[in-house]
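Novice: Here it is: the structure, laid out below.
The values are calculated or read from the model by the stated rules, or taken from the named source; none is laboratory data. Owing to the predicted nature of the structure, the values given are computational and were not obtained by experimental measurement. We place every Cβ from the backbone using ideal geometry, glycine too, and count neighbours over all the protein chains shown. Note: areas computed on protein heavy atoms with side chains; ligands, DNA, RNA excluded. Shrake-Rupley method; radii C 1.70, N 1.55, O 1.52, S 1.80 Å.
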Amino acid sequence: MNDTTDDVDLGRRKVVLAGLGGAAAAILAACGRGGGANDTTAAAQTGPTTTTGAAPASTTPTTAATATTATTGTTATTATTTSLAPTPTCADDDDVTPAQTEGPYFKPNSPERTNIRADAGGTKLLLTGTVVTTACKPVARALVDFWQADNGGNYDNSGFLFRGHQFTDAQGRYSLETVVPGLYPGRTRHIHVKVQAPGGRILTSQLYFPGEARNASDGIYNKELEVTIRDTADGRSAAYGFVLDA
């Protein structure tokens with residue numbers, strides 16, 4: 001074989017290899033696209049999700065809907081137009097509502113009523129919820145006794161304004177008409193409460209509001225006792241579910 005023949009054969013080999021190189025590049029590109037699609041699907045399937053616990057009572061509001069974004073793996077929450085669900089839900093003995101100090105302003109023998117604001121000023125607040133056992137059974141005729149400061153942060157120690165007790169219905173539900181309590185030195189915004197199942201022990205506790213600046217500096221504040229709250233046409237609506245060791 002002479003140099004001319006060798007040059008011809010070498011040229012043919014370069015053409016064939018060039019063709020194979022283009023095909024190989026196309027195959028590799030296709031595999032790359034396939035791998036990217038699989039990675040996106042996996043991220044969407046394994047991205048974070050939010051689980052909403054069941055509300056203790058059928059008439060209480062439901063929580064917001066949750067959606068997962070496939071491309072980022074983040075969770076987006078969209079508000080619904082339904083009412084709020086009492087919180088927390090109960091599942092076991094660990095979910096008993098935490099007890100807290102009574103404070104210096106409790107007065108016995110408060111009037112039985114569901115409206116403790118009367119004609120007082122302030123942002124109207126409707127607080128609703130349930131009283132259940134650790135087995136998630138509603139407690140009928142449970143005593144629920146509330147007292148709080150008025151809009152200006154003052155307690156009525158000579159009368160019974162912003163004080164009152166009531167009894168839950170057959171489904172363990174309560175409803176309180178009041179105002180958002182005002183602030184006073186040393187404390188964050190809160191509502192005092194005593195809850196007692198018929199013949200049971202008294203739970204003394206306090207309820208708090210989410211997003212309050214003073215929550216972080218209040219030594220008594222407990223996040224587990226935060227209500228769920230939203231704005232309404234004429235004020236605010238809040239919910240909390242009490243769980244008793246009964």
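Novice: Under a Cβ-only charge scheme (Lys and Arg +1, Asp and Glu -1), can you give me the dipole magnitude of the range 88-160 about the Cα centre, in debye to the nearest 20?
Specialist: On the way: 6 positive and 10 negative charges, 68 e Å.
So the dipole magnitude of the range 88-160 works out to roughly 320 debye.
Novice: Just subtract the alpha-carbon distance of R214 and R113 from 0.36 nm times their residue separation and send over the number in nm, one decimal. Mind showing how you got there, number by number?
Specialist: Working: separation 101, 0.36 × 101 = 36.36 nm, distance 3.02 nm.
Gain in length upon complete extension: 33.3 nm.
Novice: Which value, in Å² rounded to 10, gives the accessible area of S217 with a 1.4 Å probe and all protein chains present?
Specialist: Looks like 100 Å² after rounding.
Novice: Divide, for the range 116-246, the radius of gyration over alpha carbons by 2.2 N^0.38 Å, where N is the residue count.
Specialist: On the way: Rg = 14.5 Å, N = 131, 2.2 N^0.38 = 14.0 Å.
This ratio for the range 116-246 stands at 1.03.
Novice: Assigning unit charges at the beta carbon (Lys, Arg +1; Asp, Glu -1) and nothing else, what dipole magnitude in debye, to the nearest 20, does the range 109-230 show about its Cα centre?
Specialist: Working: 14 positive and 11 negative charges, 48 e Å.
My answer is approximately 240 debye.
Novice: Related question: So what's the net charge close to Y221: Lys and Arg +1, Asp and Glu -1, counting the other residues with Cβ under 13 Å from its Cβ? Could the numbers behind the result be given before it?
Specialist: Numbers: positive: R187, R189, R214, K223; negative: E212, D218, E224, E226.
Computed value for this residue: 0.
Novice: At 7 Å along Cα-to-Cβ for each site, give me the label-to-label distance between T232 and N151 in nm.
Specialist: Between T232 and N151, the simple spin-label model gives 1.7 nm.
Novice: According to a simple spin-label model (label point 7 Å from Cα along Cα-to-Cβ), what is the distance in nm between K137 and F106?
Specialist: With each label placed 7 Å out from Cα toward Cβ, I get 2.7 nm.
Novice: Let me ask another. I need the Kirkwood Rh of the range 166-212: take the reciprocal of the average 1/r across all distinct C-alpha pairs and report it in angstrom.
Specialist: Numbers: mean 1/r = 0.0774 Å⁻¹.
Over the range 166-212, the inverse of the mean reciprocal pair distance is 12.9 Å.
Novice: I would also like to ask the following. Can you tell me the dipole magnitude for the range 127-192 around its Cα centre, using point charges on the Cβ only (Lys, Arg +1; Asp, Glu -1), in Debye to the nearest 20? Spell out each step's value before the answer.
Specialist: Numbers: 6 positive and 5 negative charges, 47 e Å.
The calculated dipole for the range 127-192 is roughly 220 debye.
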